[in-house]
């Protein structure tokens, strides 16, 4: 069997789309997985009024930015491992460069910096306009290993969609 990191970018995009649609808030907000390669994971959060934190000034809630960085960095972790395993967030640090504003989709990109036996280190960036980052995140994820990963996780991620009747 081919190791999971060697699956095609499109297979990984479909797998991570399944992953984000299982999480209720990312599903309800319509988070989209745009690209998954060995080098990066790219997502898009379409604009909706539920993202507002300051409606008077039209600013996105900081919790939305945190959720998005955590999700894109955690998704990049799955791609970097020999096989998908449960890796909860150990630490997430965010540097806010400018406010995210109402009416514009958010883009998120992450890559894995280093994988050890116990921790995966990632970096992510958010933006609404190219070349103008909104925030940067440094996320560290603890590896729980095969023993603590539910059986069938990888198979569920890569399962083909059931045909529609």
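Return yes when residue 113 is outside any helix (DSSP H, G or I) and in contact with a strand residue (DSSP E or B) (Cβ under 9 Å, 6 or more places away or on another chain) and no when it is not. Yes.
Comparison of 64, 72, 101 shows that the only residue that is touching a strand residue (DSSP E or B) at 6+ places or on another chain (Cβ under 8 Å) and over 21 Å from residue 17 (Cα atoms) is 101.
The sole residue among 60, 36 that is buried (at least 19 other Cβ atoms within 10 Å of the Cβ) and either without any contact (Cβ under 8 Å) to a residue 40 or more places away in the chain or under 12 Å from the mean Cα position of the chain (by Cα) (or both) is 36. Can you find a residue in region 89-105 that is under 16 Å from the mean Cα position of the chain (by Cα), surrounded by 13 or more Cβ atoms within 10 Å (Cβ to Cβ), at pLDDT 95 or above and within 23 Å of residue 10 (Cβ to Cβ)? Within region 89-105 (the criterion being under 16 Å from the mean Cα position of the chain (by Cα), surrounded by 13 or more Cβ atoms within 10 Å (Cβ to Cβ), at pLDDT 95 or above and within 23 Å of residue 10 (Cβ to Cβ)), the answer is yes, since at least one residue qualifies. Return only the number of the condition from (1) out of contact with any helix residue (DSSP H, G or I) (no Cβ under 9 Å at 6 or more places or on another chain); (2) within 22 Å of residue 137 (Cβ to Cβ) that residue 42 does not satisfy. All conditions are met except number (1).
Considering 44, 18, the condition of being in a strand (DSSP E or B), surrounded by 14 or more Cβ atoms within 10 Å (Cβ to Cβ) and in contact (Cβ under 8 Å) with a residue 12 or more places away in the chain is satisfied by 44 alone. With respect to the stated conditions, residue 119 fails to be out of contact with any helix residue (DSSP H, G or I) (no Cβ under 8 Å at 6 or more places or on another chain), surrounded by fewer than 17 Cβ atoms within 10 Å (Cβ to Cβ) and more than 20 Å from residue 38 (Cα to Cα).
The values are calculated or read from the model by the stated rules, or taken from the named source; none is laboratory data. Being a predicted model, the structure only gives us computed values, none of them experimental. Positions of Cβ are backbone-derived with ideal geometry, glycine not excepted, and every protein chain shown enters the neighbour counts.
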